[in-house]
Amino acid sequence: MKSAMGNESPRVPPLPEAEWTEETRALLQPTAMGGAPPRNIFTTLVRHPLLFRRWMPFGAYVLFESTLPPRERELVILRVGRLCRSDYEVAQHAPIALACGVSDADVQRTAAGPGDAAFDAWSEPDQTLLRAAGELHADQQIGDATWAALRATWSEAQVIDLIFLVGQYTMVAMALKSLRVQVEAP
């Protein structure tokens, strides 16, 4: 299996099911989607149960309850994954994006940034979201021109959600890459 950093072994391996306690099972239960076992990100981070318990509600809000539409949310997550060079994030969110109406070509195009011909093919609202993600990544803030363009399309709450979405997935990429969480085998 390939890690978020390449072919290195995990620094903190996923907790094997044989070592799960009742608490571990309870914490991981919401992450088992469609009968599949919990993903490596969860079985790794559950090694720190207190943090895991606090982080999951925020992650669930950003992913499932945010005011951003699912398609746009997934485009931004994929762009953040590309900017952070997080193979794990891209591998996990590409299928989610496809289920939200993002095409295969668009999943690949999230690698393109401003100045690339592929970036110019995005709609203006999509370009603005992706540009905001890039500015947050590079400068930890959204510039005035991008802010004005965002506010022409998105509500105040949606822009705040966008900032926290980029922050959440940047933080997750840092954890995935530093812990060397492995991408699940297909």
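General observations
- Prolate/oblate/rounded label for region 45-124 (Cα gyration tensor, a/c 1.5): prolate
- Accessible surface of region 1-128 [probe 1.4 Å, protein heavy atoms]: carbon and sulfur percent: 58 percent
- Only protein heavy atoms count here; under a 1.4 Å probe, residue 93 has an accessible surface of about 10 Å².
- Debye log10 I(q)/I(0) for region 100-178, one point scatterer per Cα, at q = 0.15, 0.26 Å⁻¹: -0.57, -1.35
- 10 Å-binned pair-distance histogram of the chain (Cα, whole percent): 9, 36, 35, 16, 4, 0
- Prolate/oblate/rounded call for region 22-64, Cα gyration tensor, a/c under 1.5 rounded: oblate
- Over the chain: helical MRE at 222 nm, DSSP H runs n ≥ 4 each giving -39500 (n - 2.57), nearest 500: -18500 deg cm²/dmol
- Think of a 1.4 Å ball rolled over the protein heavy atoms: the chain then has 52 Å² of accessible area per residue.
- Residues in region 44-53 carry Karplus couplings, in order, of 7, 5, 5, 5, 10, x, 5, 4, 4, 4 Hz; the curve used is 6.51 cos²θ - 1.76 cosθ + 1.60 with θ = phi - 60°, and Gly or Pro positions show x.
The values are calculated or read from the model by the stated rules, or taken from the named source; none is laboratory data. Everything numeric here is computed off the predicted structure, so don't read it as measured data. What goes into the accessible areas is simple: the full protein's heavy atoms, side chains included, and nothing from ligands, DNA or RNA. Shrake-Rupley method; radii C 1.70, N 1.55, O 1.52, S 1.80 Å.
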